[in-house]
Amino acid sequence: MRRLTRTTVFLLCALFPAASSAQAFPDRPVRLVVPYPPGGNVDSAARIVSTKLQDALGQPFVIENKAGAGGMIGGELVAKSAPDGYTLFVAANGPLLFSPIIFNRAAYHWQKDFVTIGSISFTPMVLQVHPSTSLNSLNDLFDSAKREPGKLTMASPGAGTTNHLASELLQMTTGAKWTTVHYKGNAPATTDLLGGQVQFNFDQVSVALPFIKDRKTRPIAVTSLTRVPSLPDVPTFDESGFKGFEATTFTGLFAPAGTPKDVVAKLAAALAKVLQDKDVVDRFAQLGAEARAMKPEAFFDYLKAEDAKWTPVIKQANIKAD
């Protein structure tokens, strides 16, 4: 009888391993790998949700900044980690989708090497100009760039960033031409825009808002499909005649491929609950971002659409890392 009981227990454990892993997870600290230095959009998103995830799941969620190679150092670390839910990737457009192409290094592929847990935030950009220019609308900018190709200069925080890709896509679709000046990061790009060394840029609303309020830059249009609450008088590209144009920086949470489905589901449910917390929603809103949790399947479909939209732009514009 004892042998029969042991055999029955063994078979039940073999048949239902997922249930036991879900109930036990997490039983130790979880690492959130951020592929950038402290500060900035992705790091801020990770820090906003980390303490709330700790409250929801009862274990510390520890931020680990692993910067370099367009975010690929952090991405590769997670892709090669044990698929147990204890090492997660807080990623954005570039590190997840574009850096392997731009750096010509197939360290990972987002569809094969990661599983989606859920989105965290979406941050639109604003096209802003130096106030010394006579540009007051998108039509002004595009007319000028067509009339004198290459004369206008656009500050980019780096090749392959969402800011840069939005600029390239607009040149491809409108026939306008300007000169792109790449900087090593957003800070020096913003400095030169404020100084008038370049005429315009695309920047995340969270970064641009203080300069717009101080009238150091003039906003022309936002890259979301609906107006941004913090810039209610600034039209969207869609409203300005560029139907369907959208360019948004997302942040999301990912696990290594092979992570048990029940663990992913538990993390996804906790993340969705965290992103409904009023304090979390307000903190993202203060950064000009929207806290929004897509379910894993919906977020995967969103990423496929973003990949299909922007990868051809990278290839057509022959964007490569220096």
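Quick note: the coordinates plus some simple rules give every number you see, no bench work behind them. Keep in mind that this is a model prediction, so the values were computed, not measured. So basically every Cβ, Gly included, is an ideal-geometry build from the backbone, and we count neighbours across all protein chains shown.
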How high is the FRET efficiency between residue 301 and residue 278 when r is their beta carbon distance and R₀ equals 30 Å, given to the nearest 0.05?
0.60
On a straight-distance basis, which lysines could pair with residue 184 in a cross-link, Cα separation under 24 angstrom, same-chain partners fewer than 8 positions away excluded?
66, 151, 216, 315, 320
Calculated from backbone phi, Karplus (6.51, -1.76, 1.60) coupling profile of segment 146-153 in Hz, x at Gly/Pro:
7, 5, 10, x, x, 6, 5, 10
FRET efficiency for residue 132 and residue 309 from the Cβ-Cβ distance with R0 = 45 Å, rounded to 0.05, comes out at 0.85
Debye, to nearest 20: dipole size of the chain, +1 on Lys, Arg Cβ, -1 on Asp, Glu Cβ:
760
Show me the ranking of peptides 256-267, 144-155 by mean Cβ neighbours inside 10 Å, starting with the highest.
256-267, 144-155
Can you sort 225, 275 from fewest to most other Cβ atoms within 10 Å of each residue's own Cβ?
225, 275
Computed ³J(HN,Hα) along segment 28-41: with the Karplus parameters 6.51/-1.76/1.60, θ = phi - 60°, integer Hz and x for glycine or proline, the list is 7, x, 10, 8, 10, 7, 9, x, 9, x, x, x, x, 4
Residues of type lysines that residue 273 reaches as a straight line, Cα spacing below 21 Å, ignoring anything fewer than 8 places off in the same chain
52, 261, 295
Could you put 123, 51 in order, starting from the residue whose Cβ has the fewest other Cβ atoms within 10 Å?
51, 123
Give the order of 180, 173 when sorted by the count of other beta carbons within 10 angstrom, beginning with the fewest.
173, 180
Once phi is turned into ³J(HN,Hα) by the Karplus curve 6.51 cos²θ - 1.76 cosθ + 1.60 with θ = phi - 60°, what whole-Hz value does each residue of segment 108-114 show in order, with x for glycine and proline?
6, 10, 4, 6, 8, 9, 9
Whole-angstrom Cα spans of the chain along principal axes, big to small
90, 40, 32
Using +1 on the beta carbon of Lys and Arg, -1 on that of Asp and Glu, and nothing else charged, what's the dipole of segment 124-222 about the Cα centre, debye to 20?
100
Measuring from its Cα centre, segment 160-306 shows a charge dipole (+1 at each Lys and Arg Cβ, -1 at each Asp and Glu Cβ) which, in debye to the nearest 20, is 140
Acute angle (nearest 10 degrees) that the helix 296-316 long axis makes with the longest principal axis of the chain, alpha-carbon atoms
40
Within a Cβ distance under 13 Å of residue 45, other residues only, what is the Lys/Arg minus Asp/Glu net charge?
+2
If amide hydrogens are placed 1.01 Å from N in the peptide plane, which non-local residues have theirs closer than 5 Å to the one on residue 65?
34
Report Rg (one decimal) and Dmax (nearest whole number) for segment 84-132, counting Cα atoms only, units Å.
15.4, 55
